[in-house]
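Worksheet: the structure to be examined is printed underneath.
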Amino acid sequence: MEINENLLKNIRKVEPYVPGEQPQNKVVKLNTNENPYPPAPGVQKALRELEYDRFRLYPDPTAKNLVDILAKYYHVGNDQVFVGVGSDDVLAMCFLTFFNSEKPVLFPDITYSFYKVWAGLYGIPYECPKLDGDFRIQREDYYRDNGGIIFPNPNAPTAIYEELEFIEDILRHNQDVIVIVDEAYIDFAGRSALELLAKYQNLIVVQTFSKARSMAGMRIGYAIGDPELVKCLNDVKYSFNSYTLNLPSLICGAEAVKDREYFEKVISEIVDTREWTKKELRGLGFEFPDAKANFIFAAHPDYNGEELFQALKRENIYVRHWNSERIGQYLRISIGTKEEMGILFDSLKRYINKQGDYNL
């Protein structure tokens, strides 16, 4: 039975974000930039010792313990930290809180595709300056009048990292609007824009536990910024949902931050595997921007991106592919363990050798 059209005419309709596939069978999963290693040992211990009777109570709406630990870790005030259910929740709150001008918000044309979704959902005007031919952000495109700016650093899906001077230049030209730097992958890259917080009150830096801290399943994200901006974020959050982070996330998140040694060890392992993966991919003829995240955005000049994607999937190797005009030839390949990357290379070699035989 068709629904009454009168019911539909005032319902909000948006083009939703499409997440990466989450296959339930055993596969080589290199499609959603998850960390291939487990969380810090203290996380497992905290879960094991968690008293289940506490689940009958609401969690702390202020997330005070986690906020305190993050503030101490980053040497900022407690009133400068905002936490949410993954960085997606934090970013959505940022869009709702800070982007309320009639002027367009600016973000790159090739970037995290959720930005367009939030803009559409909240009725925020936006414009998308194009990346150049090397997939780099052109800072001059962000000197114009706007209602706010957001971009990832490193960018996604390109994995390109911009140095701090680049970030500061954009901030310097946009001191009357909020500039959000989405640093989901910063731990694999270089210096964080957090270093600029003392100079720029309009800066918000967003990070996540989903990548470097191996806790995508826990859904923990956070923003750090000027106390007044963080207060505004909390006011919006409490008007939306007071109890955002659940109890296990609050407890396990705190434990993850405490273990700096394990955190740095895992990052080092992933970066080493990433650099080795670059060499292997180049050896197979792939081309890609210099990756500074836990993934590589690669294309092969002799093979179709969609066909490569499907060929790998048939062998239970999942990478990410978009049927978009400028990036349709590219695969985004998350960095797994060295063993997982070896399985990927074996499959790619078989595909290339098979195609070569066929072409003969």
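Per residue, the average separation of C-alpha pairs within less than 8 Å and at least 6 apart gives the chain a relative contact order of 23 percent. Considering the options G20, A46, G283, tell which one lies farthest towards the positive end of the dipole of the chain, charges being +1 on Lys and Arg and -1 on Asp and Glu at the Cβ, about the Cα centre. The listed residue farthest towards the positive side: A46. Its Cα centre serving as origin, segment 35-153 has a Cβ charge dipole (Lys and Arg +1, Asp and Glu -1) of approximately 280 debye.
Computed from the C-beta positions of E269 and E102, the FRET efficiency with R₀ = 56 Å rounds to 0.75. Full extension of the chain between V236 and V27 gives 71.2 nm of extra length, using 0.36 nm per residue less the Cα-Cα distance. In sequence order, segment 174-188 has phi-based couplings of 9, 7, 9, 9, 7, 10, 9, 9, 8, 9, 4, 10, 4, 5, 9 Hz under the Karplus curve 6.51 cos²θ - 1.76 cosθ + 1.60, θ = phi - 60°, and Gly or Pro positions carry x. Positive-end ranking of V177, M93, L196 along the dipole of the chain, with charges on Cβ about the Cα centre, is headed by M93. For segment 86-103, the Karplus equation 6.51 cos²θ - 1.76 cosθ + 1.60, evaluated at θ = phi - 60°, returns couplings of x, 5, 4, 5, 4, 5, 4, 5, 5, 4, 5, 7, 9, 9, 10, 7, 7, 7 Hz by residue, with Gly and Pro reported as x.
For segment 1-43, which trypsin sites (Lys or Arg not before Pro) are in a loop by DSSP, counting at most 13 other Cβ atoms within 10 Å?
In loop regions of segment 1-43 (DSSP not H, G, I, E or B), the sparsely surrounded trypsin sites (Lys or Arg not before Pro) are K9, R12, K13, K26.
Explain nothing, just the number: dipole magnitude of the chain about its Cα centre with +1 on each Lys and Arg Cβ and -1 on each Asp and Glu Cβ, in debye rounded to the nearest 20.
780
Could you work out how far helix 305-314 tilts from the main Cα principal axis of the chain, as a 0 to 90 degree angle to the nearest 10? The answer is roughly 90 degrees. Taking 0.36 nm per residue of sequence separation and removing the Cα-Cα distance, the K64/E140 pair yields an extension gain of 23.3 nm.
Of the GluC sites (Glu not before Pro) found in segment 231-338, the ones in coil according to DSSP and having at most 10 other Cβ atoms within 10 Å of their Cβ are E325. Computed from backbone phi, the HN-Hα couplings of segment 53-60 come to 4, 5, 5, 6, 9, 5, x, 5 Hz, rounded to whole numbers (Karplus: 6.51 cos²θ - 1.76 cosθ + 1.60, θ = phi - 60°; Gly and Pro given as x). Per-residue ellipticity at 222 nm, computed for the chain from helices alone with -39500 (n - 2.57) per DSSP H run of at least four residues, works out to -12000 deg cm²/dmol. In a reduced charge model with +1 at each Lys and Arg Cβ and -1 at each Asp and Glu Cβ, segment 230-360 shows a dipole moment near 240 debye about its Cα centre.
Each reported figure results from applying straightforward, stated rules to the coordinates on display, with no laboratory input. Keep in mind the model is a prediction, meaning the values are calculated, not measured. All Cβ positions, even for glycine, are placed from backbone atoms using ideal geometry, and neighbour counts span all protein chains on display.
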